[in-house]
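Structure first, then comments.
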Amino acid sequence: MKHLCHFLVPVLALTAALLMPFQMAHAQIPNPGFENWTAGSPDGWTSFNVTQSSVAHSGASAAQGTVQSVGGFGIPPTLTAGEEAVGFPLNLRPAALHGFYTFAPVGGDYFYVSTLLQKSGQGIGAGAIQIDAASSFYNEFVVDIFYASADVPDTAYITFSAVAPGGQWHVGTTFTVDDLSWGASSSVKELGADRPVQFNLEQNYPNPFNPTTRIKFGITDYEFVSLKVYDILGKEVATLVNENLRAGSYETTFAAGSLASGMYMYRLTAGGKVETRRMILMK
């Protein structure tokens, strides 16, 4: 028995260490995969015009919100974490809210995601994104959270809704959400609020470089952005950006310490547009 205990202790410790990131990511978000439903509403959430969807990112179900017609007017869906929309307990400082979504807009409606973190009833952190581009396949969203103090929040609010630019929602606008988690903030830095006049990918600087270089790019609409690095044989060696970004100018850093010297290509893809440039790693 003593030998068995000596074997089990390190095994259990390793298991706990491996599970820790997963447990932290999903910590305290109620029913994050929307698998459990009672009386037509996801457990742990307050919803309106939201139904259970079998078209899930993972698992058996997701939450789908649709603008419904009532008396000839479009009534938007809302999905808010917590019974009676009172939020849920939290005892950590997440950098961002992650999740997966599909979106089918009608007449210019937006999909809106927001999170608010409180400490003793006072707001100490918040973040929001607004999505207008249609997506028939699941894409990941990232809502960076910006803090006004160093406190650890005790309550979190998460809300999904449809937004109409003119205050008149369009019947049929639909969003689906699934697999929520806390995670890292966006890997790219927004350089400013100025809207670029065109989609662009700048030459990396410095170039040649060793072992890091900066890459700047601009996008003109809120859309899913991919920025990947390939070797001269076309093999992908790094993914620098793989998320939804709003219109703006951005900068990210490529660290190539583990790669061999030579020529590499980096490719920006967003909204059906693609641009590729070359760079040289010289060690």
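The values are calculated or read from the model by the stated rules, or taken from the named source; none is laboratory data. Values in this document were obtained by computation on a predicted structure and should not be read as measured data. Glycine also receives a Cβ, built like all others from the backbone with ideal geometry; neighbour counts cover every protein chain displayed.
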Given (1) basic (Lys, Arg); (2) more than 20 Å from the chain's Cα centre (by Cα); (3) surrounded by 12 or more Cβ atoms within 10 Å (Cβ to Cβ), index of the condition residue 235 fails:
(3)
Cβ-Cβ below 8 Å, separation at least six or inter-chain, first residue in the range 140-159 and under 12 Å from residue 129 (Cβ atoms), second charged (D, E, K, R) and in a strand (DSSP E or B): which pairs?
140/243; 141/243; 142/243
Working only within the range 146-173, note down all residues that are surrounded by fewer than 22 Cβ atoms within 10 Å (Cβ to Cβ) and closer than 27 Å to residue 59 by Cβ.
155, 157, 159, 161, 172
Expected output for the range 263-283 (first residue at positive phi, partner assigned to a strand (DSSP E or B), Cβ below 9 Å, 6+ apart or cross-chain) is 271/219; 271/223; 271/224; 271/225; 272/223
If you check residue 209 against the conditions, is it at pLDDT below 95 and within 19 Å of residue 139 (Cβ to Cβ)?
no
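Quick check on residue 224: is it assigned to a strand (DSSP E or B), closer than 30 Å to residue 47 by Cα and assigned by TED's automatic domain parsing to the domain that holds residue 103? Even if it seems obvious, please write down each step before you answer.
Numbers: assigned to a strand (DSSP E or B): yes; closer than 30 Å to residue 47 by Cα: yes; assigned by TED's automatic domain parsing to the domain that holds residue 103: no.
So residue 224 does not fit the description; no.
In the range 148-163, which residues are assigned to a strand (DSSP E or B) and over 18 Å from the mean Cα position of the chain (by Cα)? Spell out the reasoning first.
First, the residues of the range 148-163 that are assigned to a strand (DSSP E or B): 155-163.
Answer for the range 148-163, where residues must be assigned to a strand (DSSP E or B) and over 18 Å from the mean Cα position of the chain (by Cα): 155, 163.
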